Amino acid sequence: MAVDLQGRAAAITGASSGIGEAVALSLSRAGAAVALAARREERIAALAGRIAEEGGRALALPTDVADEDQARAFIAHAYEHLGRLDILVNNAGVMLLGPVEGADTDHWRRMVDVNVYGLLYCTHAALPVMREQGGGHVVNVSSVAGRHAHLGSAVYNLTKFGVNGFSEALRQEALHSNIRVTVIEPGFVDTELAGHNELELVRQGVERMREQIGEVLTAEDIAEAITYAVTRPERVSVNEVLVRPTRQQR
């Protein structure tokens, strides 16, 4: 099937590396103009430059989506500069693992602020824009951790189970505005996400899991799944995509 997003515009959070960066490149190569949000200004500026060199159009907007005003400004500026907003990819995320007892509660707040509130703020700002232009597509990047809970990831599980529940409820609400909703649930992906963890026990556990799996997913694998979902005919809504490495058990 043809992959063509000419004339479309996409806003992508967490675009400075990993899945967000790969999605920005994939959607741009399919013809979309892209707005890039992340806290690391130099990274998204470099990505915007790379996209421009490839003949695409990209806008770098330094943003901390956990800040409601910044999240709303990102959506507003993306729409203002790109002229429309067809796709929102809520990809920004933080994964800080460890036991509940003795945890640094600042880590909890950061995960909830980014993984939940950041997604909510951006979505809330984008929905009226999409409705007024006749439709759109919201893609929420969740995780296999939104399906299966594991010891040591209780609060991360909480945020991703929340993303999954929110996505399905939003799908039912937004379909009346011709807005599609897709939740993507990656398994083990080779990105910077695991590097956020400071506990040595957690780092060791992540490495053991990588060794058990062998070949893990790449960010490009997830970007391809997202690109597939957003390029289906309007009558087709891909609601949920679970993607694991072949040898990942859970």
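The values are calculated or read from the model by the stated rules, or taken from the named source; none is laboratory data. Just so it is clear, the model here is predicted, and its values are computed rather than measured. Here Cβ is always computed from backbone atoms with ideal geometry, including for glycine, and neighbour counts include all displayed protein chains.
Among the criteria (1) within 28 Å of Ser26 (Cα to Cα); (2) β-branched (Val, Ile, Thr); (3) surrounded by 15 or more Cβ atoms within 10 Å (Cβ to Cβ), the one Val155 does not fulfil is (1). Taking segment 81-95, which residues are assigned to a loop (DSSP other than H, G, I, E, B), buried (at least 20 other Cβ atoms within 10 Å of the Cβ) and either among the aliphatic types (A, V, I, L, M) or touching a His at 6+ places or on another chain (Cβ under 8 Å) (or both)? Leu85, Asp86, Ala92, Met95, listed by residue number.
Looking at this structure, is Ala145 surrounded by 15 or more Cβ atoms within 10 Å (Cβ to Cβ) and in a loop (DSSP other than H, G, I, E, B)?
no
Scan segment 1-40 for residues that are out of contact with any Asp or Glu (no Cβ under 8 Å at 6 or more places or on another chain), surrounded by 24 or more Cβ atoms within 10 Å (Cβ to Cβ) and assigned to a loop (DSSP other than H, G, I, E, B) and the total you get is 2. Of the residues in segment 179-188, none is at negative phi, in contact (Cβ under 8 Å) with a residue 12 or more places away in the chain, surrounded by fewer than 18 Cβ atoms within 10 Å (Cβ to Cβ) and not in a strand (DSSP E or B). Within the option set Gly118, Gly98, being of a type outside the set (Phe, Trp, Tyr) and assigned to a loop (DSSP other than H, G, I, E, B) holds for one residue only, Gly98. When each of Gly83, Gly93 is tested for being over 20 Å from the mean Cα position of the chain (by Cα) and at pLDDT 95 or above, the lone residue that passes is Gly83.
Criterion first (at pLDDT 95 or above, part of a helix (DSSP H, G or I) and not small (Gly, Ala, Ser)) does Leu201 satisfy it? Against the criterion (at pLDDT 95 or above, part of a helix (DSSP H, G or I) and not small (Gly, Ala, Ser)), Leu201 does not qualify. When residues in segment 121-149 are screened for being within 15 Å of Met111 (Cβ to Cβ) and either over 14 Å from the mean Cα position of the chain (by Cα) or of a type in the set (D, E, K, R) (or both), 2 of them pass.
What pairs can you find where one residue is in segment 199-223 and under 29 Å from Ser26 (Cα atoms), the other is aromatic (Phe, Trp, Tyr) and buried (at least 17 other Cβ atoms within 10 Å of the Cβ), and their Cβ atoms are less than 8 Å apart, with a gap of 6+ or different chains? Qualifying pairs under 8 Å: Met209/Phe188; Arg210/Phe188; Ile213/Phe188; Val216/Phe188; Leu217/Phe188. For segment 41-71, filtered to residues that are β-branched (Val, Ile, Thr) and in a helix (DSSP H, G or I), the residue that is farthest from Thr123 (Cα to Cα) is Ile51.
Residues that are assigned to a loop (DSSP other than H, G, I, E, B) and among the aliphatic types (A, V, I, L, M) within segment 101-115 comprise just one, Ala103. Of everything listed in (1) surrounded by fewer than 20 Cβ atoms within 10 Å (Cβ to Cβ); (2) under 17 Å from the mean Cα position of the chain (by Cα); (3) of a type outside the set (D, E, K, R), the single unmet condition for Gly56 is (2). Of everything listed in (1) crowded, with 17+ Cβ neighbours inside 10 Å; (2) part of a loop (DSSP other than H, G, I, E, B), the single unmet condition for Arg232 is (1). Return yes or no: is His137 in contact with a strand residue (DSSP E or B) (Cβ under 6 Å, 6 or more places away or on another chain), loosely packed, with under 15 Cβ neighbours inside 10 Å, in contact (Cβ under 8 Å) with a residue 12 or more places away in the chain and not β-branched (Val, Ile, Thr)? Considered against the rule, which asks whether it is in contact with a strand residue (DSSP E or B) (Cβ under 6 Å, 6 or more places away or on another chain), loosely packed, with under 15 Cβ neighbours inside 10 Å, in contact (Cβ under 8 Å) with a residue 12 or more places away in the chain and not β-branched (Val, Ile, Thr), His137 comes out as no.
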